Amino acid sequence: KPDELARTICFLLSEESGLMTGAVIDFDQSVLGAGSPSKPKEGEVWP
């Protein structure tokens, strides 16, 4: 949602975000990580 994205960006631009280190902010629920395949299946395209 645009309002959620805007709030996250405002937070990241604020001084409060200075305490964050090594964080992953998953905007579209498609972050690749542990357990993810190393490449897309045949005919599949990653975002």
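Figure the gain on full extension for LEU19 and ASP3 (residue separation times 0.36 nm, minus the Cα-Cα span) and round it to one decimal in nm. Mind dumping the intermediate values first?
Numbers: separation 16, 0.36 × 16 = 5.76 nm, distance 2.29 nm.
Result: 3.5 nm gained on full extension.
What's the extension gain from PHE27 to LYS41 if we count 0.36 nm per residue and subtract their Cα-Cα distance?
That works out to 2.8 nm of additional length.
Readers should treat all values here as calculations from the given coordinates under stated rules, not as data from a laboratory. Predicted, not measured: the structure shown is a model, and the values here were computed from it.
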